[in-house]
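Visitor: Sharing a structure with you now.
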Amino acid sequence: MSLPDALENLLHARTGPMTTELVQHPADHGLGLGRVPARLAPAATTNMVCGFCSTGCSLRVHLDAEGQAINLSADPDYPVNLGMACPKGWEALTPLAAPDRVTAPLLRTSRDGALVPTDWPTALATFTEKMKGIQRDHGSQAIAFLSTGQIVMEEMAFLGALFKFGMGALHCDSNTRQCMATSHVAYKQSFGFDAPPFTYADFEESDALIFIGANPCIAHPIMWQRVMMNQRNPEIVVVDPRATETAQAATLHVALRPKSDLTFLYGLAHLLIARGTVKPDFIAAHTSNYEAFAAFVATFTPEHTAAETGVPLATLHRLVEIIATRERVSFWWTMGVNQSHEATRTAQAIINLALMTGHIGRPGTGANSITGQCNAMGSRLFGNATSLLGGYDTANPAHRTHVAGVLGLDAALIPDRPGYAYDQILDAIERGEIRGLWVIATNTAHSWINQSRARTLLAKLDFLVVQDMYATTETAQLADLVLPAAGWGEKDGILINSERRLGVVKKVSRAPGQALSDFAIFQLVAQAWGCGEMFREWSSPEAAFQILKRLSAGQPCDFTGIRDYAHISAEGGIQWPMAAPSFSSTPRVQCPSRPTRPIRSSSSPAAAPPRNGTPARAPTRARSSASSRPRCSPPRSIPTTPTASASTPATV
């Protein structure tokens, strides 16, 4: 097209949207959005939580006359995002229309053949025949699954229960192993239960925010916006070898050497003790083993710490001054700690700083792990992988009996030991011990730390099933069978965000072709396998929610006070614990007062602390005599032996 023609077309367009379609109606529908084209004017709206990350923002989805999503805006009333949305949230509907969606089951009929479309009866028959055949020839534990933190809580629980109790298998794990297992173990060993104690309001209520291995400015932008709303003129400290975007916005950047985190944190503890700024009354009332911890960190002098970490003495003293003098100090960490050298002990060292200074259980305080995936918290509670549904212990007979009673099962169906963790499953494939693998909503061939090894191992399997939205993932391309799954916005369920807030996901769009929700696929697998009657009560995601609610009773994660999905939506999400009959949510998990067991001192063998042999009771209120007592975590010398997460599979 010539320039004159292009200019004429621009000035007097003959094609494209009509002006009437582009008219804005900012006051209509209460959308919280000032610019909505007339062609996207909704017939109705509904609110639901975003499915991208752990922040758990609420989005107002715009629906057409048929109830299908056509657009969205940020929910102005939700307590998480307060009308804000990040770029991923604004584009949340876009992946649903991706051209590489799987629209029918795909089957590879020969080892070297291509994946070709098939129907659901054939796919289910093939799944059952192949997996049962592997169990028959190589034992019940010769199959495994690898799952995700991206599907809703009810689907996670159904999958774990189906696989272990219905299919008689054992080894399963989630990709949350790669991001959150270390924090899970740190919380469990320090407090007796995996319970991040904070609420997002703490971002706005802190006098000092210390980010360790975290870059919320980029990774969690809505959380960073909450930090920017803080009116207390806070100190913002970033501990990170890199000059990240958050570090550049900080009042203090501590650029320590890689792998020196433990030395740095123990050095801070030493200086706080030497300064006399620890809280003896708080320590006596709420912790155990402090004396052994204090003796251990005595060797981490400022000079030693500075030499090992590369942090100048003046910077160490400035940070200690901040922690010692500010009324409300909060400690925040994410993947820079979770995926680091000695991550479990590093997280526990952060927790120790909060405990010894009393900066926990009050507004603007806490030892606060920021989660990654949208439902990693749901996975940690109800994945039924290396722990039992609801945070129970598979090794405890009383726990197995209790869970079986709630589910209406024979307790003998519940394994008495945890299965392999993610890395151990891959090792077992290499040994030929595991020969069938079911991969749900994750992409092992791409995301595992050694892609080449992962792809070699996946190719070695007798049978590989991938259940996903897309046929183009690296793992799906290796599969023998691909099951087409619905995505966020195409199904119902609950996601739990970083601050323990349950939020509702709703079906606002039809899944393409023959794609089904993961929940529906698990129902079909149960029927094809012959154990459908075992799961007759799991008739829908909301029915499954009621089962999980019963399982939560009496646990630190008790949410028996939540009636149903409508209750959650009406309240703007609900944080656990929320036990019946109080129907009052607890924003912050606070410190308990009484010990239930001792822990080893610094002179004890460098092994993981013993697991609690009684049902865990984490704190919900201060000075609760029924709660287990947080403690200063067992110290380790430096260099150390492998962390607890390496020697003991984390209960994710």
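The values are calculated or read from the model by the stated rules, or taken from the named source; none is laboratory data. Keep in mind the model is a prediction, meaning the values are calculated, not measured. FYI the Cβ positions are ideal-geometry reconstructions off the backbone, even for glycines, and counts take in every protein chain you see. To get the accessible areas, we keep the full protein, side chains included, count just its heavy atoms, and leave off ligands, DNA and RNA. Shrake-Rupley method; radii C 1.70, N 1.55, O 1.52, S 1.80 Å.
Visitor: In this structure, is Phe163 within 30 Å of Val525 (Cβ to Cβ), touching a strand residue (DSSP E or B) at 6+ places or on another chain (Cβ under 6 Å) and hydrophobic (A, V, I, L, M, F, W, C)?
Guide: yes
Residue by residue, here is whether (1) open to solvent by 30 Å² or more (accessible area, probe 1.4 Å); (2) assigned to a loop (DSSP other than H, G, I, E, B); (3) modelled with pLDDT of 95 or more; (4) of a type in the set (D, E, K, R) holds:
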| residue | (1), (2), (3), (4) |
| --- | --- |
| Glu474 | yes, yes, yes, yes |
| Lys491 | no, yes, yes, yes |
| Leu502 | no, no, yes, no |
| Ala520 | no, no, yes, no |
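Visitor: Sticking with this one: What residue, among those in the range 210-219 that are touching a residue at least 60 places away in the same chain (Cβ under 8 Å) and open to solvent by 10 Å² or more (accessible area, probe 1.4 Å), is nearest to Pro87 (Cα to Cα)?
Guide: Result: Ala219.
Visitor: Counting residues that are open to solvent by 50 Å² or more (accessible area, probe 1.4 Å), which helices (runs of 4 or more DSSP H) fully inside the range 405-464 reach at least 3?
Guide: 422-431, 451-460
Visitor: Which numbered condition trips up Ala144, out of (1) of a type in the set (Gly, Ala, Ser); (2) outside any helix (DSSP H, G or I); (3) modelled with pLDDT under 95?
Guide: Failing condition for Ala144: (3).
Visitor: If I ask for residues that are closer than 25 Å to Cys374 by Cβ and out of contact with any strand residue (DSSP E or B) (no Cβ under 6 Å at 6 or more places or on another chain), which ones from the range 419-440 would you list?
Guide: Answer for the range 419-440, where residues must be closer than 25 Å to Cys374 by Cβ and out of contact with any strand residue (DSSP E or B) (no Cβ under 6 Å at 6 or more places or on another chain): Asp423, Leu426.
Visitor: Mind counting the residues in the range 360-390 that are in a loop (DSSP other than H, G, I, E, B) and within 13 Å of Gly160 (Cα to Cα)?
Guide: If we filter the range 360-390 for residues that are in a loop (DSSP other than H, G, I, E, B), which is where we start, we get 360-365, 370-372, 374-375, 383-387, 389-390.
Add one more test, that the residue is within 13 Å of Gly160 (Cα to Cα), and what stays is 383-387, 389-390.
Number of matching residues: 7.
Visitor: So in the range 304-340, with the set limited to residues that are of a type in the set (Ser, Thr, Tyr) and part of a loop (DSSP other than H, G, I, E, B), which one is most open to solvent (accessible area, probe 1.4 Å)?
Guide: Ser340
Visitor: Any residue at all in the range 262-271 that is open to solvent by 40 Å² or more (accessible area, probe 1.4 Å) and within 25 Å of the chain's Cα centre (by Cα)?
Guide: no
Visitor: From the residues in the range 476-487 that are under 25 Å from the mean Cα position of the chain (by Cα) and small (Gly, Ala, Ser), which one is surrounded by the most Cβ atoms within 10 Å (Cβ to Cβ)?
Guide: Looking at residues that are under 25 Å from the mean Cα position of the chain (by Cα) and small (Gly, Ala, Ser), I get Ala485.
Visitor: Counting only residues that are modelled with pLDDT of 60 or more, of a type outside the set (S, T, N, Q) and open to solvent by 60 Å² or more (accessible area, probe 1.4 Å), how many does the range 573-586 have? Please lay out each step first, then the result.
Guide: Narrowing the range 573-586 to residues modelled with pLDDT of 60 or more: 573-582, 584-586.
Next cut, of a type outside the set (S, T, N, Q) only: 573-574, 576-581.
From what is left, the residues that are open to solvent by 60 Å² or more (accessible area, probe 1.4 Å) are 581.
So the count comes out to 1.
Visitor: Between a first residue in the range 319-340 that is more than 15 Å from Asp202 (Cβ to Cβ) and a second residue that is in a strand (DSSP E or B) and open to solvent by 10 Å² or more (accessible area, probe 1.4 Å), which pairs have beta carbons less than 7 Å apart while being 6 or more apart in sequence or on different chains?
Guide: Leu319/Leu252; Ile322/Glu235
Visitor: Then there is this: Which residues, counting only those in the range 341-359, are in a helix (DSSP H, G or I) and either in contact with a Pro (Cβ under 7 Å, 6 or more places away or on another chain) or free of Cβ contacts under 8 Å to residues at least 40 places away in the same chain (or both)?
Guide: Answer for the range 341-359, where residues must be in a helix (DSSP H, G or I) and either in contact with a Pro (Cβ under 7 Å, 6 or more places away or on another chain) or free of Cβ contacts under 8 Å to residues at least 40 places away in the same chain (or both): Ala354, Leu355.
Visitor: Report the residue count in the range 535-559 for those that are part of a loop (DSSP other than H, G, I, E, B) and open to solvent by 30 Å² or more (accessible area, probe 1.4 Å).
Guide: Total meeting the criteria: 6.
Visitor: Right, Arg400: of a type in the set (Lys, Arg), assigned to a loop (DSSP other than H, G, I, E, B) and open to solvent by 10 Å² or more (accessible area, probe 1.4 Å) or not?
Guide: Working: of a type in the set (Lys, Arg): yes; assigned to a loop (DSSP other than H, G, I, E, B): no; open to solvent by 10 Å² or more (accessible area, probe 1.4 Å): yes.
Spelling it out, it is not the case that Arg400 is of a type in the set (Lys, Arg), assigned to a loop (DSSP other than H, G, I, E, B) and open to solvent by 10 Å² or more (accessible area, probe 1.4 Å).
Visitor: Consider only pairs whose beta carbons are under 7 Å apart and that are at least six residues apart or on different chains; among these, list those whose first residue lies in the range 262-282 and is under 14 Å from Leu355 (Cβ atoms) and whose second residue is of a type in the set (Ser, Thr, Tyr) and open to solvent by less than 10 Å² (accessible area, probe 1.4 Å).
Guide: Leu265/Thr346; Leu272/Thr357; Thr277/Thr357; Val278/Thr357; Lys279/Thr357
Visitor: Can you spot a residue in the range 145-166 that is touching a helix residue (DSSP H, G or I) at 6+ places or on another chain (Cβ under 6 Å) and surrounded by fewer than 22 Cβ atoms within 10 Å (Cβ to Cβ)?
Guide: yes
Visitor: Taking the condition touching a Lys or Arg at 6+ places or on another chain (Cβ under 7 Å) and modelled with pLDDT of 95 or more, does Thr357 pass? Step through it out loud before you land on a result.
Guide: On the way: touching a Lys or Arg at 6+ places or on another chain (Cβ under 7 Å): yes; modelled with pLDDT of 95 or more: yes.
Taking the combined requirement at face value, the residue satisfies it.
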